[in-house]
Structure formats: structure tokens, C-alpha cells
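First up is the structure itself, then whatever we jot down about it.
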Amino acid sequence: MSRGAGPVRREDVGAARPRGRAAGHGGTQHEGTTRDRNTRKHSTREHKDNARRLNNEVHAAHLLGRAVHGRPGGDGPPAVDRHGRQPAADRRPAAGRRGRDHGTGARRRHADHRRAVRRDQGTDLRLRRDRRGRPGRGHRDRLEAPDGGLRNDRGAAVLERVKEAVGAAWSEEWGRVVAAVIASTGDWDLAEECAQDAFERALETWPRDGVPRRPGAWLTTTARNRALDRLRRAANESAKLREAARLDPAGPAAAAGSAEAQAVAAAEAAEGDAVPDDRLRLIFTCCHPALPLPAQVALTLRSLTGLTTAEIARAFLVPERTMAQRLTRAKAKIRHAGIPFRVPPRELLPERTAAVLAVLYLLFNAGYAPGAAGPDQRRVTAEAIRMTRLLTRLLPDEPEAAGLLALMLLHEARAAARTDAAGDLVPLEEQDRTRWDRQGIAEGVTVLEVALARRRPGPYQIQAAIAALHAQAAGPQDTDWPQIALLYAELARLAPGPVVELNRAVAVAMAHGPQQGLALVDALDAAGELPGYHLLPATRADLLRRLGRTEEAADAYRRALELAPTEAERRFLRRRLERTAGTQR
């Protein structure tokens with residue numbers, strides 16, 4: 001047999017066996033008996049020799065292929081011992097051992113690698129510190145390491161990384177988890193409780209099993225399974241109560257089915273599906289027009305951001321009990337009024353989208369207002385930006401959502417310069433522009449350009465364009481006030497209102513002189529459209545001061561000081577009043 005013939009099959013071995021007398025073998029009938037007997041003996045010995053030789057050739061052909069393809073210097077025939085067999089290190093494992101976890105074979109081909117160790121042989125130092133479990137047979141006691149002492153020094157670091165991962169998931173995935181459970185069960189309170197249970201479970205299991213590749217999917221599945229278990233348990237308890245009371249299961253109530261059973265069926269139907277993103281449905285449900293505006297704001301924060309009731313109450317300066325009652329009434333309203341958990345139909349989408357954007361803008365202003373420098377208020381602002389980003393991804397064809405995001409980013413970019421070290425307000429013309437976030441301004445301008453390219457301008461896009469003109473000016477003297485005045489006129493056409501007119505009066509005063517701006521302010525004051533709004537007398541006082549009418553300006557400052565809602569604004573007005581009064585003397 002030639003070595004290049006390849007492996008020999010078993011049927012080839014059988015075919016090579018002698019079959020008695022060969023074709024053409026001569027002899028007479030008289031010699032037949034003795035010759036046949038000798039031939040059979042000779043054939044038996046020859047068969048054994050052939051089988052032994054062929055088996056050796058099977059291994060030799062296989063090892064020849066290994067030598068040619070896998071080993072340097074494999075041009076010549078493989079080395080064999082005096083019996084024609086390969087050395088033990090080069091011998092192929094038996095067929096029954098192939099594919100086993102610890103099957104023998106030439107796995108380590110370098111002398112420095114030495115031999116492999118198994119189970120508790122060797123030392124702990126052979127395990128890399130960041131090594132994780134791999135497919136195959138592990139330690140019989142399922143220990144991470146033979147002794148377990150080496151990884152004790154990693155416990156604090158691992159726990160810290162898990163806490164960071166859980167915290168990031170809380171901010172990014174809370175709304176997704178709650179929305180998925182609500183979509184499966186229809187129970188808001190149950191969804192929040194099961195979401196909290198899922199995050200607690202993550203703190204328990206992730207240090208041991210590692211942070212999953214998709215934390216949001218892990219948390220959603222865990223929360224949904226938890227809700228399903230609770231609903232099943234409630235359904236079983238109800239069934240036992242009915243049995244104890246000897247209720248007829250075939251009656252009308254049983255035929256209709258309980259709410260728990262229906263929720264279980266819905267959860268079971270969704271259990272095998274891919275984890276959907278139901279946050280868009282959750283946003284529109286929280287901002288349903290049947291709910292009062294304060295309830296919409298509170299429910300949006302609680303359901304989509306994971307802020308606690310106490311944090312929301314502190315952000316809006318109301319008692320925690322009041323906020324808790326507001327949330328409870330909102331959830332009860334959704335349940336009893338049958339408000340659907342869905343995105344509104346196409347004909348109602350523009351109207352409902354405007355309501356959602358208004359809620360998000362209100363959230364942003366709650367944290368951006370003068371004097372709102374506390375951590376809870378700043379977190380509300382950050383959450384408003386994050387939810388608006390989410391909305392732009394969920395509604396990519398809605399330019400007003402992108403316009404609102406651009407407006408928030410441009411305002412937030414100037415937040416650091418709006419107050420000084422003492423927490424006092426700094427007006428726009430006096431702000432240190434080196435403290436502005438140029439990266440945030442660039443992002444806001446980019447988002448605005450994408451929105452304006454759709455050729456469907458709206459109020460938020462116009463406001464973002466005004467903010468962009470302020471943010472891109474190198475100094476107060478470089479601000480394009482005539483363009484800003486024109487944009488305010490367009491905004492007054494799209495979204496008319498007294499606050500817009502007041503802002504337009506300021507822009508007109510900066511572009512065309514304080515006298516023209518003061519005329520617009522006096523018209524608003526005479527119409528009585530902004531009673532109790534402190535910025536109306538404050539704006540009038542500033543224009544009077546610029547015109548040199550200091551006595552009237554001081555009176556207007558005093559009126560604004562009485563109406564100012566925050567201490568930071570009152571301190572600013574006092575400084576302006578003192579400066580104006582000093583000019584009078």
C-alpha cells in the first residue's frame with residue numbers, strides 16, 4: 001500500500017482477505033485434499049499478518065497527514081518504533097475518546113507548555129484572575145478555584161463593578177422594564193414592584209454569575225417572570241377560595257374569567273416573545289389628556305425614570321404624601337377609566353405628541369428654573385433630556401421632538417455659567433462664555449439642523465434656533481438681535497401667548513432700542529394678561545433703567561421683588577434695585 005493512498009476503510013481490509021484457492025491455481029484432484037489443508041493453514045497465518053499490517057497502515061496514513069499539514073518539517077515519513085507503531089505522544093486518540101472534554105491529543109505542541117492539569121492538580125496561579133467558565137467538564141464541586149482563597153481580594157472590586165452596572169441599568173432600563181411588565185399584565189403597581197425585585201435580584205446574582213451581555217433583557221425577563229409567578233399564585237388562591245366557598249366554576253363569573261387569570265394568560269403569551277420596547281406606549285399613557293397635568297408629570301417621572309416618590313416630591317417642592325396621593329389617583333384613573341396602554345392612532349398622534357413634548361419641557365424647566373440648583377432638580381433636568389432623546393429615537397420622523405431636544409441641549413450647555421460661586425444669578429450678557437459647554441452646543445446645533453431640514457417648523461424648533469443664535473455668538477455685542485426678533489415674531493404666530501410677546505419685546509428692545517420694547521411691555525401690562533408674573537415688572541424695570549428713568553425703574557424693581565418666587569431671583573433684583581437707587585442719589 002502506498003502512503004499517499006489515504007486512510008484504509010474497514011471494507012478494504014475485508015476485501016484484502018484471501019478467499020481460499022486463488023483464480024488460476026493449478027493442481028490435480030489427487031493433490032487436492034493435502035494441498036487444500038496446507039493452503040488453509042497458510043491462509044490463516046497470512047490473514048493475520050495482513051490484518052496487522054493494514055491496521056498499522058491505517059494509523060500511519062493518518063499520522064502522515066498530520067505530519068504533512070500540522071507539523072514543521074513533516075516532509076518525510078513519520079517516526080515509528082521497531083514494531084511499526086507511532087510514539088505515544090503522536091498517536092491519535094481512540095475513536096471512542098474523540099470529542100471528550102479531557103480526550104488525549106497533541107493539544108500542547110510546545111515544550112514550554114508542559115502538560116495539562118485537571119481538577120485540583122497544580123496551583124491556583126495557573127488560573128488567570130479574570131478567567132470565566134468555559135464549556136466542558138468543570139470541578140465536581142462547582143468551585144471557582146480549587147481552594148477559593150485567591151479570588152477573595154477581588155470581591156470588593158467585583159461588587160463595585162456590579163453596583164455601577166446596576167446603577168447604569170436603573171437609569172437606562174427602568175422605563176423599559178416597567179413598560180414591558182405593564183404591557184404583559186396591565187397592572188402598574190405590580191410592574192413597579194416586580195421591577196424593583198428584578199434589580200434586587202441583579203445585586204444578588206450578578207456578583208456570582210457576572211453582568212449579563214444585555215442587562216435590560218435580563219431585568220425585563222426576571223421582572224416579567226416574577227409578575228407571572230405572583231399572578232399565578234393569586235389565581236390559585238382565588239381558585240382555592242372559590243372551592244372552599246363551594247362556588248360553581250361553570251357560573252357566569254367563572255366563564256368571564258378573573259382579571260388575574262386574564263393577566264396570567266397575557267403574560268404567558270408574551271413570555272416566549274422577544275423583549276419589546278414598550279416605552280413609547282408608556283409615555284403616551286402617562287401623558288393621556290384624561291389625566292391632570294401635575295399627575296402626567298409625576299407619573300412620567302415615576303414610571304420612566306425610576307425616581308422615587310420622595311425625590312419627585314422634593315423636585316417639585318411638595319410634601320411626599322401629596323405626591324404619593326397624586327400618583328395613586330393617576331394610576332386609579334388609568335385603571336377605572338380604561339385608558340389603553342398604546343400609542344394613539346395616526347389621526348390623534350400629532351395632538352398627543354404635542355402633549356407629551358409639553359410634559360417633557362415642563363420637566364426640564366422644573367430643574368432649569370432659577371434657583372433650582374439642588375441635586376434632585378438637576379436630576380430631573382437630566383432625566384428630561386434623556387427621555388427626549390428616547391422620544392426622538394422612537395419617533396424619528398417627528399421634527400418637533402428633535403427641536404425640543406436641541407432646545408434642551410443648548411440651554412443645558414449654558415447652565416454652568418448661569419450662577420456664580422455664591423449661587424447668585426448671572427444675566428446672559430455678563431456670563432463667562434468660556435464656561436459654556438461647546439460640545440453640547442455643537443450637538444444641539446446639529447440636532448436642530450436635522451430637524452429644520454424636514455421643512456416642518458414648529459414652536460420648539462423656533463425656540464431652539466433662538467437659543468442657537470445666543471450660544472454661537474462670541475460675545476454679547478455679536479448677538480444677532482434683529483434675527484432673534486424675527487424668530488420671536490414667527491414664534492408668536494405659531495404659538496401665541498403673553499410670555500412669547502414679553503420675550504419678543506426684549507428682542508425688539510435689543511435690536512431697535514429700549515423705547516420700542518417698552519411700548520410692547522406697557523401694552524402687555526395694560527392688558528393684564530400676566531398678573532403676578534414677576535418677569536413682567538422686572539423687564540419693564542430694566543428697560544426704564546436703560547432709558548435713564550431711574551425712579552420709575554426702582555418702583556418696577558420693588559414690584560418684581562414682591563412677586564419673585566425664588567431666593568436667587570430676589571437676591572438678583574435687590575442688587576439691581578440697589579444699583580438703580582444709588583444712581584438716583
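Please treat every number below as a calculation from the coordinates, not as lab data. Just so it is clear, the model here is predicted, and its values are computed rather than measured. Note that each Cβ is placed from the backbone with ideal geometry, even for glycine, and that neighbours are counted across all protein chains shown.
Charges were assigned to the Cβ only: +1 to each Lys and Arg, -1 to each Asp and Glu. The resulting dipole of region 501-585 about its Cα centre is roughly 440 debye. Ellipsoid semi-axes for region 327-452, based on the Cα gyration tensor and the rule √(5λ), read 32, 20, 9 Å when sorted largest first. Descending by average beta-carbon neighbour count within 10 Å, the peptides 398-405, 530-537, 323-330, 220-227 line up as 398-405, 220-227, 323-330, 530-537, the highest first. The peptide list 351-363, 488-500, put in order of mean Cβ contacts within 10 Å with the highest first, becomes 351-363, 488-500. Using θ = phi - 60° in the Karplus curve 6.51 cos²θ - 1.76 cosθ + 1.60, the 3J(HN,Hα) couplings for region 535-550 round to 6, 5, x, 5, 5, 5, 4, 5, 5, 5, 4, 5, 7, x, 8, 5 Hz; x is entered for Gly and Pro. In a simple Cβ point-charge model (Lys, Arg +1; Asp, Glu -1; nothing else charged), region 422-574 has a dipole of about 260 debye relative to its Cα centre. For the pair D522 and R455, label points projected 7 Å from Cα toward Cβ lie 4.5 nm apart.
What is the gain in length, in nm to one decimal, between E172 and R546 on full extension, counting 0.36 nm per residue of separation less the C-alpha to C-alpha distance?
Details: separation 374, 0.36 × 374 = 134.64 nm, distance 4.85 nm.
Full extension of this stretch gives 129.8 nm more.
Beyond 14 Å, the tail of the calculated P(r) for region 413-484 holds 63 percent of the Cα pairs.
Would you mind calculating the gained length between E320 and F341 on full extension (0.36 nm times residue separation, minus the Cα-Cα distance), in nm to one decimal?
Values: separation 21, 0.36 × 21 = 7.56 nm, distance 2.70 nm.
That pair, E320 and F341, stretches by 4.9 nm at full extension.
Each residue of region 290-356 gets 90 Å³ once the volume of the Cα convex hull is shared out per residue. Amide H contacts of T419: V426, each under 5 Å away and 5 or more positions distant or on a separate chain (H built 1.01 Å from N in the peptide plane; Pro and chain starts excluded).
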